[in-house]
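Trainee: Have a look at this one.
The values are calculated or read from the model by the stated rules, or taken from the named source; none is laboratory data. Just so it is clear, the model here is predicted, and its values are computed rather than measured. Cβ atoms come from the backbone with ideal geometry, glycine included; neighbour counts cover every protein chain shown.
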């Protein structure tokens, strides 16, 4: 199996996704914290591992080889293909495409507009007030969730059936952040229900920011 090391931060939704996936697969891993608010992801040493200087990053040490993988979706699909355990992507090609499309809608169309470096740029470089920054955040949550809600069925406990998939691993951190920023998600009953269902599972509970060793760090 080899050793797995995850570089992340408790409040990074991208790292949160990977923690969920690791837990769903039942994989043990070591965490290395990079405190985003202290710019620990910008050091020369870390950029040698990941030239993007972003988190998460996965190191997999196996048979004398050290594999380094960045980007949360690539990491999760690698874990799903490399290790046994519950599958995070369905066998059916069409359903697998739908799960991937849902995950990409979260990771490419919502998260990049609302992540820490964008919010910091809005405030520090463009002089946006906190109220306008929060309005920006809520706007893109609304745009994204308006598109995601119709893709979910009231008949399913999770995004695409009776078990969590890649889609759930991506949705839960985004909902967590929306609630953290006091976004009103009452118009999205399917999203709310699935979030609550996931939040009862040990894999999701153990991956949540408040259960990480660096949670004490200030916002």
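Trainee: Considering region 38-95 alone, what residues qualify as being assigned to a helix (DSSP H, G or I) and under 17 Å from residue 170 (Cα atoms)? It would help to see each step written out before you state the result.
Mentor: The initial filter retains those residues of region 38-95 that are assigned to a helix (DSSP H, G or I), namely 38, 40-42, 44-49, 72-82, 93-95.
Answer for region 38-95, where residues must be assigned to a helix (DSSP H, G or I) and under 17 Å from residue 170 (Cα atoms): 72, 73, 74, 75, 76, 77, 78, 79, 80, 95.
Trainee: Within region 161-172, does at least one residue satisfy the condition of being under 15 Å from the mean Cα position of the chain (by Cα), surrounded by fewer than 13 Cβ atoms within 10 Å (Cβ to Cβ) and on the phi < 0 side of the Ramachandran plot? Quick ask: steps written out before the conclusion?
Mentor: From region 161-172, those under 15 Å from the mean Cα position of the chain (by Cα) are 164-172; that's our starting set.
Narrowing the set further to residues that are surrounded by fewer than 13 Cβ atoms within 10 Å (Cβ to Cβ) leaves none.
No: region 161-172 contains no residue that is under 15 Å from the mean Cα position of the chain (by Cα), surrounded by fewer than 13 Cβ atoms within 10 Å (Cβ to Cβ) and on the phi < 0 side of the Ramachandran plot.
Trainee: Hey, residue 71 hits all of (1) at pLDDT 95 or above; (2) at negative phi but one; which does it fall short on?
Mentor: Tallying (1) at pLDDT 95 or above; (2) at negative phi, residue 71 fails exactly one: (2).
Trainee: Tell me which residues, restricted to region 89-133, are surrounded by 13 or more Cβ atoms within 10 Å (Cβ to Cβ) and more than 24 Å from residue 55 (Cβ to Cβ).
Mentor: Of the residues in region 89-133, the ones surrounded by 13 or more Cβ atoms within 10 Å (Cβ to Cβ) are 89-90, 95-96, 98-100, 102-107, 109-111, 113-116, 118-120, 122-123, 128, 132-133.
Answer for region 89-133, where residues must be surrounded by 13 or more Cβ atoms within 10 Å (Cβ to Cβ) and more than 24 Å from residue 55 (Cβ to Cβ): 90, 95, 96, 98, 128, 132.
Trainee: Looking only at region 136-157, decide whether some residue is under 16 Å from residue 199 (Cα atoms) and either out of contact with any helix residue (DSSP H, G or I) (no Cβ under 8 Å at 6 or more places or on another chain) or surrounded by fewer than 22 Cβ atoms within 10 Å (Cβ to Cβ) (or both). Write out each step before concluding.
Mentor: Let us first name the residues in region 136-157 that are under 16 Å from residue 199 (Cα atoms), namely 156-157.
Then keep just the ones that are either out of contact with any helix residue (DSSP H, G or I) (no Cβ under 8 Å at 6 or more places or on another chain) or surrounded by fewer than 22 Cβ atoms within 10 Å (Cβ to Cβ) (or both); that gives 156-157.
The answer is yes, given that some residue of region 136-157 is under 16 Å from residue 199 (Cα atoms) and either out of contact with any helix residue (DSSP H, G or I) (no Cβ under 8 Å at 6 or more places or on another chain) or surrounded by fewer than 22 Cβ atoms within 10 Å (Cβ to Cβ) (or both).
Trainee: Just a yes or no: is a residue in region 65-86 buried (at least 16 other Cβ atoms within 10 Å of the Cβ), closer than 19 Å to residue 195 by Cβ and outside the structural domain of residue 17 (by TED's automatic domain parsing)?
Mentor: Taking every residue of region 65-86 in turn, none turns out to be buried (at least 16 other Cβ atoms within 10 Å of the Cβ), closer than 19 Å to residue 195 by Cβ and outside the structural domain of residue 17 (by TED's automatic domain parsing).
Trainee: Determine, yes or no, whether residue 198 is surrounded by 11 or more Cβ atoms within 10 Å (Cβ to Cβ), in the same structural domain as residue 106 (by TED's automatic domain parsing), in contact with a strand residue (DSSP E or B) (Cβ under 9 Å, 6 or more places away or on another chain) and in a helix (DSSP H, G or I).
Mentor: Details: surrounded by 11 or more Cβ atoms within 10 Å (Cβ to Cβ): yes; in the same structural domain as residue 106 (by TED's automatic domain parsing): yes; in contact with a strand residue (DSSP E or B) (Cβ under 9 Å, 6 or more places away or on another chain): yes; in a helix (DSSP H, G or I): yes.
Criteria met by residue 198.
Trainee: Exactly one condition in (1) crowded, with 16+ Cβ neighbours inside 10 Å; (2) modelled with pLDDT under 95; (3) in a loop (DSSP other than H, G, I, E, B) is false for residue 215; which is it?
Mentor: (1)
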